Amino acid sequence: MDGARHQSEPSMLPIMKTLPIVCLVDDIAANRETLCELLETEDYRLVEAANGPTALQLAAETAPDLILLDVMMPGMDGYEVCRRLRADPNLAEVPVIMITALDDQDSRLAGLEAGADDFISKPFNRAELRARVRTITRLNRYRRLLETQTRLRESDERFQKLAEHSDEVFWFVTKHPRRTSFLSPAVEQTWQQP
């Protein structure tokens, strides 16, 4: 089944209030179902794709926190999916774990060269897979939070520079705790006039 599978109501995560999205990509429905059963006890929103093109479309639509990607698929294999993810500026940073029955060094090297972050060999250890998914989704969430905070700080700095040269009177008040966070220089000039 392609599409989204929604878990329980979103938990109130301290970082972000939405469930981490894990994209499961495998051409064999039974393999996707196994991964779903394994991860459905965790707090994830699981989305599934049965082939490479669907995986790329789903990744673009959902911005997943992690992609579990089968290597051997007909048509577009996992290596090509990974290369295309890395070539897309909006998806280049999404962590990818390749799940493969191939256990030779050349296959792993090909995956790393395509942009994979990690490998799990089939048959996989269930506890190890859960732990890796949990760790990688948490790290990706922290990375996204840090990027957001950096962009907000940069935006605030740009705004303050513009505001310092404005003749308009304005100020900003924070909601919690309620305090004035910014006064335009024109406020002081207005208050100092007779």
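The values are calculated or read from the model by the stated rules, or taken from the named source; none is laboratory data. These numbers were taken from a predicted model, which means no experiment stands behind them. For neighbour counting, all protein chains shown are included, and Cβ atoms are generated from backbone atoms with ideal geometry for every residue, glycine included. Just so you know, the surface numbers come from the protein's heavy atoms only, side chains and all, with ligands and any DNA or RNA stripped out. Shrake-Rupley method; radii C 1.70, N 1.55, O 1.52, S 1.80 Å.
Assess whether residue 129 counts as being modelled with pLDDT of 90 or more and either buried (at least 17 other Cβ atoms within 10 Å of the Cβ) or outside any helix (DSSP H, G or I) (or both). Answer is yes for this residue. Residues in segment 73-119 that are within 22 Å of residue 130 (Cα to Cα), open to solvent by 30 Å² or more (accessible area, probe 1.4 Å) and not in a strand (DSSP E or B): 93, 101, 102, 103, 108, 112, 117.
Against the conditions (1) modelled with pLDDT of 85 or more; (2) among the aliphatic types (A, V, I, L, M); (3) more than 34 Å from the chain's Cα centre (by Cα), residue 116 satisfies every one except (3). Note on segment 23-56: among residues that are touching a residue at least 40 places away in the same chain (Cβ under 8 Å) and in a loop (DSSP other than H, G, I, E, B), the one that is surrounded by the fewest Cβ atoms within 10 Å (Cβ to Cβ) is 28.
Restricting to segment 161-179, what's the tally of residues that are open to solvent by 50 Å² or more (accessible area, probe 1.4 Å), of a type outside the set (Lys, Arg) and at pLDDT 70 or above?
Going through segment 161-179 one residue at a time, the tally reaches 7.
With respect to residue 29, is the statement that it is of a type in the set (A, V, I, L, M), under 24 Å from residue 121 (Cβ atoms) and touching a helix residue (DSSP H, G or I) at 6+ places or on another chain (Cβ under 6 Å) true? Considered against the rule, which asks whether it is of a type in the set (A, V, I, L, M), under 24 Å from residue 121 (Cβ atoms) and touching a helix residue (DSSP H, G or I) at 6+ places or on another chain (Cβ under 6 Å), residue 29 comes out as no.
From the list 116, 131, the lone residue that is of a type in the set (A, V, I, L, M) and without any contact (Cβ under 8 Å) to a residue 40 or more places away in the chain is 131. Counting only residues that are at pLDDT 95 or above, surrounded by fewer than 22 Cβ atoms within 10 Å (Cβ to Cβ) and within 19 Å of residue 119 (Cα to Cα), segment 57-72 holds 0 of them.
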